[in-house]
Amino acid sequence: MINRRSIFKVALAITLMVVTYLVFSKPNYSVNTFAHFDKVGHLGSFFVLSYLTYFAFKPRWYVLAIVLTIYAIFIEMVQSQLSYRSASLADIIADMVGVLLFYFTQWLYRKYFIAAQCKRRHNAGRK
């Protein structure tokens, strides 16, 4: 049966393959596309990985953070062995900022969007 979680699991698997390919392949973009292009890519990738992992498996926050931290460290360890890549602690930090940004947006969504929906429903019920 195809359900929402299954779709997120497939999307996560595809995204993991794409991200892994991109971080291990030889860059074919101009390194000077814009300042900190690489860090934005790390942040965005891990934001999306966090989103997909969360909706695919609903793990506790610390499990998701630990798993993605291990993946980030793995990426940097492999990149340190590639002649056309380099390892960077700043990349791991950017990865973790992506995870934190995901959880921050989840918090904002719950606090403001869902609260506003509940308030609208409550007010509609009073009429």
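The values are calculated or read from the model by the stated rules, or taken from the named source; none is laboratory data. Not measured: the values here are computed from a predicted model. Every residue, glycine among them, receives a Cβ derived from its backbone with ideal geometry; neighbour counts consider all protein chains shown.
Scoring Gly41 on the criteria (1) surrounded by 10 or more Cβ atoms within 10 Å (Cβ to Cβ); (2) at pLDDT 95 or above; (3) closer than 25 Å to Val10 by Cα leaves a single failure, condition (2).
Filtering segment 67-90 to residues that are under 14 Å from Ser25 (Cβ atoms) and under 17 Å from the mean Cα position of the chain (by Cα) leaves only Ile75. Taking the criterion of being among the hydroxyl-bearing types (Ser, Thr, Tyr) and exposed (fewer than 15 other Cβ atoms within 10 Å of the Cβ), the residues of segment 55-95 that qualify are Tyr62, Ser80, Ser83, Tyr84, Ser86. Going by the structure shown, is Lys26 surrounded by fewer than 16 Cβ atoms within 10 Å (Cβ to Cβ) and at positive phi? The answer is no for Lys26.
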